[in-house]
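Participant: Quick one: structure below, then a few questions.
What follows draws every value from the coordinates through simple rules; no lab data is involved. Not measured: the values here are computed from a predicted model. Neighbour counts are summed over all protein chains in view; Cβ atoms, including those assigned to glycine, are modelled from backbone coordinates with ideal geometry.
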């Protein structure tokens, strides 16, 4: 077995606010294989987003080790990161296609190939006919699909998603979960998926890291053994119920 | 038809205003040197001794010149303040203080410093216009979603790319709101300058005609001033339409 693509070991992050130290995360350890979709679930303020920002090099860890990439798949910071946030964050003055192209422009990739790839990705997320539309003409779910295409346009090895479906209504969210699984299979990307939703975390992830707040730390880790490909029926199985129940307990919800 | 449905009421209000004006003049016995009729006012255009062309050109140059200068300098200052926080901390408060000085009250000083003519009046229009543009543009440049910055930083965008691709285009709606405020101010600035010292321009013309109680010529001068203001405002609206409204960007 090849070395894991991501290795986090005892990662710690401390902020100093007004002279007082405040632990954003402590003791986070995680190991992710290439091509895996891993969920990180927990309440607000448990440091989920901090983990993503450390992986994206927007933040540095104050302790522990962070390693991305292995011999098979070397990791280039910047070049190999794609991010999706709760807000789609599309630029209002650019068409959907031009929004998707933004990372390619910033990284200085050849535009002709990037345009082709953007078209391919828009087709994959089901927005082909909206390539020339303005973002504000699209629904929230469609905007979020566009932002997923944008995260993939430079063909990064790692996709970081920070509560990407948190602002969508319940039904759209279910649909986007299925879409994400399809996109993940088709693109074979390694995805780290941060969410508040316990069901969502279990449904999507091949592993789930559970984080708790006060103090912010990693409380538990589950390998999710559910049938593939996952369909919504999985959610009615006993095994699915077991996983979610254990996580609810860990988070002190019952 | 579609045009009439969209603008019919607005056009009717304008025509109605002129009709009411005409009606008041016809039905009352207000003497013409107090309130001339719309027609008497319009007839003044044909009076060649008034030299309308010259006055319109002078005032127009002052308005447009001062305004364009304010947009260029205002945007440049906002950009400097965004790029150099120390400059912002040092000079933004000073700018706020200076803005408290009524620019109109400074006009007599400008005359001493710059003499009278087109340039000092342009500068007066400029000083009134520049502040709203600096403020709104600065605001637009710094108001960017933090996660959007995170997103592009994660792929190692440099400051210049963030500025050119995100901040600058994102500030356009703000810039236009400042430009609309300033367009109105530019007209007032130029006219006040002419009131204080000038030898040409529609404001100068107004004062000269006031001495001979030539009310209809004064009214016509007002009409021309209004038209100049509308031309400027219209140009700004047109640019706003091209850069913003057409794309469905809400301001």
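Participant: Could you line up B:205, B:17 from fewest to most neighbouring Cβ atoms inside 10 Å?
Facilitator: Working: B:205 27, B:17 11.
Listing B:205, B:17 from fewest to most nearby Cβ atoms yields B:17, B:205.
Participant: Rounding to the nearest 10 and keeping the result within 0 to 90°, find how far the Cα-based axis of helix B:52-83 lies from the longest principal axis of chain B.
Facilitator: Rounded to the nearest ten degrees, it is 20.
Participant: While we're here: With equal scatterers on the alpha carbons only and no solvent term, can you work out the Debye log10 of I(q)/I(0) for the protein assembly as shown at 0.11 1/Å?
Facilitator: The Cα Debye sum returns log10 ratios of -0.97.
Participant: How far is helix A:111-124 tilted, in degrees, relative to the longest principal axis of the Cα atoms in chain A, given as a value from 0 to 90 rounded to the nearest 10?
Facilitator: Taking the Cα atoms of chain A, the angle to A:111-124 is about 70 degrees.
Participant: Can you say what percent of the DSSP beta bridges in chain A, counting only those with both residues inside, are antiparallel? Round to 5.
Facilitator: 50
Participant: What average number of partner chain Cβ atoms lie no more than 10 Å from the Cβ of the residues making up B:170-180?
Facilitator: Working: counts 3, 0, 2, 2, 0, 0, 0, 0, 0, 0, 0.
Going residue by residue through B:170-180 and averaging, the value is 1.
Participant: Moving on. For every helix of n ≥ 4 consecutive DSSP H residues, a contribution of -39,500 (n - 2.57) applies; sum these over chain B, divide by its total residues, and give [θ] at 222 nm rounded to the nearest 500 deg cm²/dmol.
Facilitator: It lands at -26500 deg cm²/dmol.
Participant: Highest mean first, what order results for A:82-90, B:67-75 on Cβ atoms within 10 Å?
Facilitator: The peptides rank, most packed first, as A:82-90, B:67-75.
Participant: Counting partner chain Cβ atoms within 10 Å of every residue's Cβ in B:141-150, what's the average?
Facilitator: 3
Participant: DSSP beta bridges in segment A:125-254, what fraction antiparallel, as a percent rounded to 5?
Facilitator: Antiparallel bridges make up about 55 percent of those DSSP assigns within segment A:125-254.
Participant: Got the relative contact order for chain A handy, in percent, Cα pairs under 8 Å and 6 or more residues apart? Write down the numbers at each step before the final one.
Facilitator: Working: 479 pairs, mean separation 66.1, N = 254.
So the answer I get is 26 percent.
Participant: From the mean inverse distance of alpha carbon pairs (Kirkwood) and the Cα radius of gyration, derive Rg over Rh for segment B:40-247.
Facilitator: 1.09
Participant: Antiparallel DSSP bridges in the protein assembly as shown: what percent, to the nearest 5?
Facilitator: Close to 50 percent.
Participant: Moving on. For segment A:1-35 and segment B:1-56, what is the separation of their C-alpha centers, rounded to whole Å?
Facilitator: The two parts, judged by their Cα centres, are 75 Å apart.
Participant: On to the next question. Run a plain Debye calculation on segment A:187-234 (Cα atoms as equal point scatterers, no solvent) and give log10 I(q)/I(0) at q = 0.21, 0.27, 0.31 Å⁻¹, rounded to two decimals, same order as the q list.
Facilitator: For segment A:187-234 at q = 0.21, 0.27, 0.31 Å⁻¹, log10 I(q)/I(0) is -0.81, -1.16, -1.31.
Participant: Let me ask something additional. Can you tell me which of A:130-139, A:49-58 comes out highest on packing, and rank the rest after it, using the mean Cβ neighbours within 10 Å?
Facilitator: Result, highest mean first: A:49-58, A:130-139.
Participant: Can I ask one more? Projected area of chain A, taken from the Cα convex hull and averaged over every viewing direction, in nm²?
Facilitator: Seen from a random direction, the Cα hull of chain A projects 14.7 nm² on average.
Participant: Specify the angular offset, from 0 to 90 degrees and rounded to the nearest 10, of the alpha carbon long axis of helix B:215-243 from the longest principal axis of the alpha carbons in chain B.
Facilitator: Computed tilt is about 20 degrees.
Participant: Evaluate Rg over Rh across segment A:1-46, taking Cα atoms for both radii and Kirkwood's formula for Rh.
Facilitator: Value, to two decimals: 1.11.
Participant: In whole Å, what is the distance between the alpha-carbon centres of segment A:168-239 and segment B:107-130?
Facilitator: Centre-to-centre (Cα) distance: 67 Å.
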